[in-house]
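Below is one structure, written out as structure tokens; comments come after it.
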Amino acid sequence: MKKTTGQRKRGIRLLSWNIQWGRGADGRVDLERTRDTIRAAGPLDVICLQEVASNFPGLAGGAREDEPAFFAAAFADFEPVFGAGMDVPDGEGGRARFGNLLLSRLPVGQVFRHLLPSPADPAWPAMQRVCVEAVVEAPWGPLRVMSTHLEYYSARQRRAQVEALRALQAEAADLARLPAAGKESNPAFAARPRPAAAVLCGDFNCEPGSAEHLALQRPLPASGLAPDAHRPHWVDAWPIAHGARAHAPSVGLHGAEWPDRAYCCDFFFVTSDLAPRVHALEVLADTAASDHQPVVIELA
């Protein structure tokens, strides 16, 4: 999809990466290595990291690092937004947290931390999952950026989480078309931008063409509030950028203890109205600083 130079100058670049709490394929936790890999990806406007830990005991190779604080200091010109899916006692009177970190060089408006459903599935281990959403000011206007990490073991929970992400998009599309009235006497009720246009990224723990991957991209049903309204739905950005070319693998490339083969489970989805802005999408295959690879998208 060819873009003019002027369009590229007004574009933005976003990186998504499951950093495995800074643990590389060599089993060593090295946050400086993670930081340097992000910096080597080139100019970025938004950084979305999954599996970010704060004071979490027992993680392989870890020493209870405060990773949100580390990355906030490392990218001091970015606004940090951390969302913990897991927030539990550390056993010593403190709290241990594990979740997703979003860092934005663009101005940040509203922020949402959506806990995703976790229906009972006793045959499998599970952890509470979260989706972090921030409304950022892109060159063309407000844009929602959402970062998540879906359940690995339980297909039932993963399907429920996919439906929750679809519901969040349907809700945002309706609110953008039919915003609530503000209330001048109470600023908590003030109307604030939250557009239908959005980017959704992260580790979805499913493969291209899987039931979950296809379900996430189903068109949204018409709204009862505005049955004639178009509700932009999620679409995988990879085929927009690469056509029929198979997804590049995002795990299994550098001999980490998991997985035993290379495949793709890290995606960028965009809302259908944003699809024409997808200019480039790349999996950064060279780094072994995690068991996943960073993925970078450019929107024109």
Across the range 198-213, what is the number of residues that are open to solvent by less than 30 Å² (accessible area, probe 1.4 Å) and either within 15 Å of the chain's Cα centre (by Cα) or in contact (Cβ under 8 Å) with a residue 24 or more places away in the chain (or both)? 11
Of all residues in the range 280-294, which are crowded, with 19+ Cβ neighbours inside 10 Å and touching a Leu at 6+ places or on another chain (Cβ under 8 Å)? GLN293, PRO294
May I ask you to list the residues in the range 181-238 that are over 24 Å from GLU137 (Cα atoms), among the small types (Gly, Ala, Ser) and at pLDDT 95 or above? GLY209, SER210, ALA211, ALA215
Residue count, the range 224-261, condition among the aliphatic types (A, V, I, L, M), under 16 Å from PRO294 (Cα atoms) and open to solvent by 50 Å² or more (accessible area, probe 1.4 Å), comes to 1
Just need a number here: residues in the range 87-116 that are surrounded by fewer than 16 Cβ atoms within 10 Å (Cβ to Cβ) and in a loop (DSSP other than H, G, I, E, B). 6
Name the pairs: first residue in the range 183-197 and outside any helix (DSSP H, G or I), second residue of a type in the set (D, E, K, R) and open to solvent by less than 80 Å² (accessible area, probe 1.4 Å), Cβ to Cβ under 6 Å, at least 6 apart or on different chains? ALA197/ASP273
Can you tell me which residues in the range 139-187 are of a type in the set (Ser, Thr, Tyr) and within 23 Å of LEU14 (Cβ to Cβ)? SER147, THR148
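From the list ARG13, ARG35, which residue is farther than 23 Å from LEU150 by Cβ and assigned to a strand (DSSP E or B)?
On the way: ARG35 fails: assigned to a strand (DSSP E or B).
The match here is ARG13.
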In the range 198-218, is there at least one residue being assigned to a loop (DSSP other than H, G, I, E, B) and either acidic (Asp, Glu) or under 20 Å from ALA134 (Cα atoms) (or both)? yes
I'd like to check something: does the range 127-136 contain any residue that is over 12 Å from the mean Cα position of the chain (by Cα) and within 25 Å of ALA76 (Cα to Cα)? yes
Which one of ALA84, ALA72, ALA134 is part of a strand (DSSP E or B), under 28 Å from ASP26 (Cβ atoms) and not basic (Lys, Arg)? ALA84
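The values are calculated or read from the model by the stated rules, or taken from the named source; none is laboratory data. This one's a predicted model, so the numbers in the text were calculated from it and none came from an experiment. All Cβ positions, even for glycine, are placed from backbone atoms using ideal geometry, and neighbour counts span all protein chains on display. Ligands, DNA and RNA are stripped out before the accessible areas are found, and what is left, the full protein with its side chains, is counted by its heavy atoms. Shrake-Rupley method; radii C 1.70, N 1.55, O 1.52, S 1.80 Å.
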